[in-house]
Amino acid sequence: MKKILVTGSLGQIGTELVEKMRGIYGNDNVIATDLRKVEGNPVVDAGPFELLDVTDAQAMHDIAKKYNADTIIHLAALLSAVAEAKPQVAWNINMGGLVNALEVARELDCQFFTPSSIGAFGPSTPKVGTPQDTIQRPQTMYGVNKVAGELLCDYYYKKFGVDTRGVRFPGLISYVAPPGGGTTDYAVDIYYEALKNKKYTSYIDKGTYMDMMYMPDALNAIINLMEADPSKLQHRNAFNIAAMSFEPEQIAAEIKKHIPEFTMDYNVDPIRQAIANSWPDSIDCAAAQAEWGFKAEYDLAKMTTDMLEKLAEKGIK
Ligand code: VAH
């Protein structure tokens, strides 16, 4: 990774990944792109930034060529709840953007990363200790996109030799950029509301377990996988990774340790609840651990302490 092009740079992952990679690889070596430009945002100001609609294949090719990119980190995509509301748009952006990015990687011989998700599993997948290789018959557009994406990345590796790599992310929690339209967003919103209003109304029901991860672990996972020795990667694309699994009552109880007056009630959103019900409770990360040494630093308690501290420093109250 010497010249890295990132799509969706102003999204939940991109915002922090661009900054972290600029710290490691140099400001000028990480080319941030996004559909929109937010003046004053460090992603836009601290290094190269280009406007890019990922459905425009030629524009993506031109930017990658202009900067001599040797790596593409393709993050631009719609999350699960938005994709369910606008399935045709999701297909065009999630699949159209991915195939364009893979084509650029093939043409310019770039290493390639794109995230899959626990959304790539479905109701017939084993729910607890979900294996790396198992049944994947999701019933959401997001899940269909993620499974197709995993297969497409495998195909580009086998057919064209593109060095594609990827992980199945769980819900990602961070204090920097909001997720925007996912099913797991409640586990981010709850911290903001706990600080602002001392209460939270959860749209995900009591007892619904989902895998989660704190953003610093997610960023390290991307970088470590991209830097990993390729000869050790048997799975290559779509490694299961997770740091913790919890249900709403458990995150609320953890927050209560810091904010004793915090309370939570429920107003379940049937659409996001149905999506959550179709996902695993907890996935097995053995392949990622064995093949590239995946390890997470943050559990629920450590993450909660850090989230509340960092949000308070940001002035959330
Ligand atoms: C979503 N945060 O909720 C995403 C993610 C594991 C879920 O892919 O859509």
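The values are calculated or read from the model by the stated rules, or taken from the named source; none is laboratory data. Because the structure is predicted, anything quoted here is derived from the model rather than measured. Please note: Cβ atoms are built from the backbone with ideal geometry, for glycine as well, and neighbour counts cover all protein chains shown. Accessible surface is based on the protein model in full, side chains and every heavy atom, while ligands, DNA and RNA are left aside. Shrake-Rupley method; radii C 1.70, N 1.55, O 1.52, S 1.80 Å.
Hey, can you tell me all the residues within region 290-317 that are loosely packed, with under 14 Cβ neighbours inside 10 Å, among the acidic types (D, E) and part of a helix (DSSP H, G or I)?
Those that are loosely packed, with under 14 Cβ neighbours inside 10 Å, among the acidic types (D, E) and part of a helix (DSSP H, G or I): E309, E313.
Of all the residues that make up region 209-262, how many are within 16 Å of the ligand (Cβ to nearest atom) and either part of a helix (DSSP H, G or I) or open to solvent by less than 10 Å² (accessible area, probe 1.4 Å) (or both)?
18
Only residues that are within 13 Å of the ligand (Cβ to nearest atom), small (G, A, S) and within 25 Å of A69 (Cβ to Cβ): list them for region 136-170, please.
Result: G149, G166.
Looking at region 118-146 only, could you name the residues that are open to solvent by less than 10 Å² (accessible area, probe 1.4 Å) and part of a strand (DSSP E or B)?
Of everything in region 118-146, just one residue is open to solvent by less than 10 Å² (accessible area, probe 1.4 Å) and part of a strand (DSSP E or B), namely T130.
In contact with a Pro (Cβ under 9 Å, 6 or more places away or on another chain) and open to solvent by less than 20 Å² (accessible area, probe 1.4 Å): is that true of T183 in this structure? Break it down stepwise before answering.
On the way: in contact with a Pro (Cβ under 9 Å, 6 or more places away or on another chain): no; open to solvent by less than 20 Å² (accessible area, probe 1.4 Å): yes.
It is false that T183 is in contact with a Pro (Cβ under 9 Å, 6 or more places away or on another chain) and open to solvent by less than 20 Å² (accessible area, probe 1.4 Å).
Quick one: would you say I63 is in a helix (DSSP H, G or I) and in contact with an Asp or Glu (Cβ under 6 Å, 6 or more places away or on another chain)? Steps first, please.
Numbers: in a helix (DSSP H, G or I): yes; in contact with an Asp or Glu (Cβ under 6 Å, 6 or more places away or on another chain): yes.
Yes.
Of the residues I24, I13, which is part of a helix (DSSP H, G or I), open to solvent by 10 Å² or more (accessible area, probe 1.4 Å) and away from the ligand (no atom under 16 Å from the Cβ)?
I24
Looking at F169, F160, can you tell me which residue is under 18 Å from G8 (Cβ atoms) and in contact (Cβ under 8 Å) with a residue 12 or more places away in the chain?
After applying the criteria, what remains is F169.
E107 is checked against (1) part of a helix (DSSP H, G or I); (2) closer than 21 Å to I13 by Cα; (3) in contact with a His (Cβ under 9 Å, 6 or more places away or on another chain) and fails just one. What number does that condition carry?
All conditions are met except number (2).
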